[in-house]
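Any read-out appearing in this document is the output of simple, stated calculations on the displayed coordinates, not a laboratory observation. Computed from a prediction, not measured in an experiment: that's the story for all the values here. Cβ sites come from the backbone with ideal geometry, for glycine too, and all protein chains shown count toward neighbours.
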Amino acid sequence: MSIPIIPGGNLPPPPDPGVPPGQHYAYGQQPGEFATPVPPRRNKSLVLWIAGGATAFILLCCGGLAVIGSQIDDDQPGAGASSAPPTTTAEQPTTGAPAETTQAPPAATEAVPSPTKPKPAPPPVQTVGDGTWLVPADVKPGNYAVTVPEDSTGCYWQRSKNAEGDLDAILANDNVNAGAHVVLTIRKTDKAFTSNDCGEWKTAPTSGPKATTFGEGTWAVDIDIAPGTYAVTVPADSSGCYWERMKSLSGGLGGIVANNNVDAGSRATVTIKSSDKGFKSSGCGTWKRR
């Protein structure tokens, strides 16, 4: 059996009823001798176009993602480094007065005690007995106090401008009865000091009881006695009362602010001011503040 050739085309031959589907005779084969089935041809051009289009689409998608990623990175600080996505904080609506903020108290710090300067030591107490003493070799200038012993026949003291012993050397002096209290200032300009039957003089205190009742003697105001108005009735057996307000305790006439003599049995009243340095009483009895 011959296969007819149809001019003008490569049309396949009509099916042969005696040939199984999917097989055909090869050229020169006899019926019954079937050739191995030949797979159908594929259109290579279509495959190439599909592969090229897919490749272009993938490249286009990758390029777009790269551009988007580049823009995102450019918008973020520190482009090129991976960072966490930005967080947003929603603003809370403010109603009424603003909320008070409570601050923690500052941490307590241990106080460092400041160094304290040591108090100067008080000057040593100096004592002066009977005799004549040179100033300042034997007796340092300053305030001295003494209470005349009860068995004394009478105390005499004297400040001198030299140690020659004549009357012209006397700067100030006084006679004091037994049992009387005396406060006296020895000045830097003094050259000698004399004490006779007065007892033992000692450095006078700088503070005291500020008494409101006192008797015979010379007293430091605002130390021994308090300022104020005092009164006394002079004892009947007194030989006479003498009182004196003083602006200094040196015992000289220049230190007298006011003075008076009062007869025995008479009433005496005097105001001692806080500006006074001393008050002297002799033969007056006991003064009491009104």
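With each label point set 7 Å from Cα along the Cα-Cβ vector, what nm distance links ASN177 and ASP263?
About 1.9 nm separates the two model spin labels.
Report the gain in length on full extension from ASP151 to LYS191: 0.36 nm times residue separation, minus Cα-Cα distance, nm rounded to one decimal.
Going from the current span to full extension adds 11.4 nm.
Highest mean first, what order results for 269-279, 201-211 on Cβ atoms within 10 Å?
269-279, 201-211
Order the peptides 221-229, 160-168 from the highest to the lowest mean number of other Cβ atoms within 10 Å of their residues.
221-229, 160-168
Using the structure shown, select from LYS161/LYS288; LYS191/LYS280; LYS117/LYS273; LYS202/LYS247; LYS188/LYS288; LYS119/LYS280 the pairs with a Cα to Cα distance greater than 31 angstrom.
Beyond 31 Å between Cα atoms: LYS161/LYS288; LYS117/LYS273; LYS188/LYS288; LYS119/LYS280.
LEU171's amide H: which non-local residues (gap 5+, or another chain) put their own amide H closer than 5 Å, with H modeled 1.01 Å from N in plane and none for Pro or chain starts?
Under 5 Å from the amide H of LEU171: ARG159, SER160, LYS161.
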